[in-house]
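What follows is a short report on a single structure.
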Amino acid sequence: MPRTRAQGKTALIAGLLAASAGLACLAAGARASGPGIAAQLAKVSLPPGFKIELYAADVPNARQLALSPDGTLFVGTREDGRVFAVVDRNHDHKADEVITIARGLNMPNGVAFRDGALYVAEVNRVTRYDGIESRLANPPKAVVVNDRYPSDRSHGWKFIAFGPDGHLYVPVGAPCNVCERLDDPRYASITRMNPDGSGVEVYASGVRNSVGFDWNPADGQLWFTDNGRDELGDDVPTCELNHATARGQHFGFPYCHGGTVPDPEFGKKRACNEFVAPVQALGAHVAPLGMRFYTGTMFPDPFRRRIFIAEHGSWNRSKKVGYRVVTVTLDGNRVVAHDPFATGFLQGEEEWGRPVDVLVMPDGALLVSDDLAGVIYRITYTA
Ligand SMILES: [Ca+2]
Ligand SMILES: [Ca+2]
């Protein structure tokens, strides 16, 4: 639907009104969206100079984001089972169309794009849609890349991404809250494979459930979030930001949590000092998911050395935490600060939004997916 074009604040108001109208139409059928998203956005706090707007309304259960070189935004989902293509046809930084690429999939959280093909990760398989962008309205049949991953739905949904080495990285969460699964080294790991699905190998072990990772553009090394185990209390153990400097490292699970907390059951088997500790404690139960190095130039200098992390928020803590976007500032590969960036999705004990993934757009804006509100936000900076 074309929207009225205007300038400055008028454009913002028009955009929010148009988005609000779209959501009002959706509200009858979708629990998560509902009217008044414009009013909700006014509750989001950002550092001075930053602004949040709707990029796309009506993207139910929006999870991982992947952008093609031609600007098509692909969006995975978890419970919804669909994969979407979000298109900004007139390049005004607001989506014009949300197209369903696939439906009825098994928690298709993960999306990645390479050589004209969309890769989709379900629980036990990765598939590929070749030449997808010329066929958004009539997608080709999916080609199976690899369908031999474990089928456990517990922590079975996946974030996927191509590394600078050309491999597709595919995590396998622990199929439990805490367990030792020596029968299959892929459990609680991040694997990688060739783009054709061959050569699967474990890259990092002892990773309970990573749903977000990226590579430092400065040196190509992998950084990833990991979700801490539950049922040890409100404040233990912390969720983690980790830095893998090489293949074959072990990050502690299930023996040691957060670098310092031996597991009550498995901690007797191996000591914390055998493992790579997290580089930043993110807090217990915050549920860090998508993370990206900021590679744009729109944001001012201090933000150009930061990692942006989406916190989905706690589900089993007596007082809720998370539900925000945070940053971790680096000096080289050393963490020097950890700060809130976008907050207000949680009001008291009531959340209206849950950030899942972040994505740096070519213009330097930051997109944020929200699987509760079923929308995608765009955060910009103006000096
Ligand atoms: Ca547009
Ligand atoms: Ca760890």
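None of the figures in this text is laboratory data; all of them are computed from the coordinates on show. Quick caveat: nothing in here was measured; it's all calculated off a predicted structure. So basically every Cβ, Gly included, is an ideal-geometry build from the backbone, and we count neighbours across all protein chains shown.
Tabulated values for the structure
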quantity: Total residues in segment 91-117, condition closer than 19 Å to residue 200 by Cα and either touching a Lys or Arg at 6+ places or on another chain (Cβ under 8 Å) or surrounded by fewer than 18 Cβ atoms within 10 Å (Cβ to Cβ) (or both); calculated: 2
quantity: Matching entry among 215, 223 (being away from ligand 1 (no atom under 16 Å from the Cβ), touching a His at 6+ places or on another chain (Cβ under 6 Å) and aromatic (Phe, Trp, Tyr)); calculated: 223
quantity: Residue pairs meeting the criteria (Cβ under 6 Å; at least 6 apart or on separate chains; first within 10 Å of ligand 2 (Cβ to nearest atom), in segment 228-242; second assigned to a loop (DSSP other than H, G, I, E, B) and among the hydroxyl-bearing types (Ser, Thr, Tyr)); calculated: 228/238
quantity: Any hit, segment 292-306, residues being over 28 Å from residue 378 (Cβ atoms), away from ligand 2 (no atom under 16 Å from the Cβ) and either part of a strand (DSSP E or B) or of a type outside the set (Ser, Thr, Tyr) (or both); calculated: no
quantity: Some residue of segment 99-113 being within 16 Å of ligand 1 (Cβ to nearest atom) and more than 15 Å from residue 168 (Cα to Cα); calculated: yes
quantity: Total residues in segment 251-282, condition in a strand (DSSP E or B), closer than 15 Å to residue 210 by Cα and either within 16 Å of ligand 1 (Cβ to nearest atom) or not hydrophobic (A, V, I, L, M, F, W, C) (or both); calculated: 2
quantity: Criterion: on the phi > 0 side of the Ramachandran plot and surrounded by fewer than 13 Cβ atoms within 10 Å (Cβ to Cβ) - qualifying residue of 233, 313; calculated: 233
quantity: Among the candidates 255, 323, residue that is within 15 Å of ligand 2 (Cβ to nearest atom) and in contact with a Phe, Trp or Tyr (Cβ under 6 Å, 6 or more places away or on another chain); calculated: 255
quantity: Any pair with Cβ under 7 angstrom, 6 or more apart, that starts in segment 145-158 at a residue that is of a type in the set (A, V, I, L, M) and ends at one that is part of a loop (DSSP other than H, G, I, E, B); calculated: 145/196; 145/197
